[in-house]
1. Of all residues in the stretch 312-369 being polar (S, T, N, Q) and out of contact with any Ser or Thr (no Cβ under 8 Å at 6 or more places or on another chain), which is nearest to Gly395 (Cα to Cα)?
2. Applying the selection to the stretch 56-81, what residues are open to solvent by 10 Å² or more (accessible area, probe 1.4 Å) and within 16 Å of ligand 2 (Cβ to nearest atom)?
3. Name the residue that is least open to solvent (accessible area, probe 1.4 Å), counting only residues in the stretch 463-473 that are out of contact with any strand residue (DSSP E or B) (no Cβ under 6 Å at 6 or more places or on another chain) and polar (S, T, N, Q).
4. Would you tally the residues in the stretch 402-415 being open to solvent by less than 10 Å² (accessible area, probe 1.4 Å) and in a loop (DSSP other than H, G, I, E, B)?
Amino acid sequence: MRDRDVRCKKLPSRLQSRERCDSGPTVSAPPPLGAVLLAAGLGKRMRSARAKVLHELVGRPLVCHVLAALAPLDPDPVALVVGHQAEAVRAAVADAECPGIRDLRIVLQAEQRGTGHAVACAAEAFAGFGGDVLVLYGDVPLLRPATLRALLEGHRAACADLTLVTLSFAHPAGYGRILRGPDGRVTGIVEERDASDVQRAITEVNPGLYAVRAELLFRLLAELAPDNAQGELYLTDAVALAAREGYRVHTVQAGSAAELAGVNTRAELADMEVRVRGEIVERWMAAGVTFEDPATAYVGPDVVIGRDTVIGPNVQLRGRTRVGEGCRLDGTAYLADTTLGDRVHLLFGCVADGAEIGHDARIGPFARLRPGTRLGERVHIGNFVETKQAVLGAGTKANHLTYLGDCEIGPDTNVGAGTITCNYDGFAKHRTTIGARVQIGSDTQLVAPVSVGDDAYVGAGTTVTRDVPSGSLVVSRAPQREVAGWVARKRALVAGKPVEGAAKPAGVRALRPKAKAAPARARRRR
Ligand code: UD1
Ligand code: CA
């Protein structure tokens, strides 16, 4: 490695490159590839207590988007430089939502002294590594693998020492400008803050994608000085150093301004969110899904939607949600990690998280399906019904004002309005089991643990505290009584009028059992 560098340095750059390209095994077997991803900055312009790379685009942290673009190139090792909220960034990339990288090494940049310093912090991870390193920023979430491949192929085809992507941006504000000499070769990059008016007028910018020979990269970084407006060690200054020292600096035009835009402010993040969301919705429309109001649909990148499904206004489909074919979502729904079978009708205003809904089910309006809800085919869940860890058999219905938690219900059972599974006794959760073809009367409380056998009937207003055998009727109800004339006496009392017949005790008649009612009446008459 060292020999090669010494030789490269002494020769005119074109010769260096050709010689290196023609000699040795690099032509048949490309050198190893590693990567450094910078994610240590706070992102001052976000005005946030949260590290910028943790802010989310379509529900996924920015840094995970960049890792997703990097993963297909299979670099090894990859150093992720963390600093601000290092633990949270580490946790975000360890999350299953973040694409796996073979050998991810987390490197700490304890103090944020600039992008050059950040890359230098990864030097140890590349000790003895003799290959190319891709250097990327963690705030460029729309980056595509194809652009990284173009960078790498350009770098290798040109036998360059350092290659960077450059692009012309119609609005270059905020980006480093590419400086070229009279012969057109890159001589350096100037940051906007440090640029003269003439330099600011340059529209060729640095989107921040580099491929560099590892050994050269870390040697150049050691030479950086913080002589700029921010007093930082700029990675971009390594480009000028390489050019000045006679190394071959190559540029590749790849990607687009839309793809390579960095996120520095909340407004930029919001713009990007709208754009990406629009693209996702367009993709699903092209695949045969109708959106009644595409502008208000929120569809996450990992969501799948079947053909001929119609999605009304204000629908959010997040996480790993799967919607089957021919479904109808009326509108204002929030579904996360939820699976809908085919032809499901989701009426207005439903929330579901971690639920599975069978074919031809009808849900809502205003239903809440919590994690562990599994609804069979043709289940009906109506308004103001909440389910949690609830498994309902095919054709079962719970249409009104009901809480079903920690329960299993067989097929074709009807759960009446106002039914509650009392699953929590203040210490632990208990299960309720209800069989097939059961009729649960309105306003039933099932005090778990409890079970109701197949074909049982539960009378309205019953508090079920003991297991109910199959085929039986269960009723628990306070006896009803009527107090004759009570209202008239009460009104008179409130109005301060003499109460007619006040001396007489109120007439009370217990309805059931009839046998006991007669003596009670007899006693009062005496
Ligand atoms: C950088 C480039 C600029 C380029 C632009 C493209 C430099 C000096 N400037 O500017 O030429 O046009 O990106 O988007 O490189 N970071 C660290 N440690 C630090 C500082 C930053 O890890 O000490 C990380 C940040 O977390 C971020 C990335 O580096 O992911 C870029 O930092 P940022 O401050 O956004 O750089 P820009 O000013 O956008
Ligand atoms: Ca940036």
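1. Applying the first criterion (polar (S, T, N, Q)) to the stretch 312-369 yields 314, 316, 321, 332, 338-339.
From the residues that got through so far, the ones that are out of contact with any Ser or Thr (no Cβ under 8 Å at 6 or more places or on another chain) too are 316, 332.
Working: Gln316: 27, Thr332: 25 Å.
Looking at residues that are polar (S, T, N, Q) and out of contact with any Ser or Thr (no Cβ under 8 Å at 6 or more places or on another chain), I get Thr332.
2. Scanning the stretch 56-81 gives Pro61, His65.
3. Within the stretch 463-473, the first condition is being out of contact with any strand residue (DSSP E or B) (no Cβ under 6 Å at 6 or more places or on another chain), and the residues that meet it are 466, 469-472.
In the following step, the residues that additionally are polar (S, T, N, Q) were identified as 470, 472.
On the way: Ser470: 80, Ser472: 34 Å².
Checking each candidate, the answer is Ser472.
4. Of the stretch 402-415, the ones open to solvent by less than 10 Å² (accessible area, probe 1.4 Å) are 402, 404-405, 407, 409, 413, 415.
From what's left, in a loop (DSSP other than H, G, I, E, B): 413.
Total meeting the criteria: 1.
The values are calculated or read from the model by the stated rules, or taken from the named source; none is laboratory data. Small disclaimer: the values here were computed from a predicted structure and weren't measured. Note that we place each Cβ from the backbone using ideal geometry, even for glycine, and neighbour counts take in every protein chain shown. All accessible areas refer to the heavy atoms of the entire protein, side chains included, with ligands and DNA or RNA removed. Shrake-Rupley method; radii C 1.70, N 1.55, O 1.52, S 1.80 Å.
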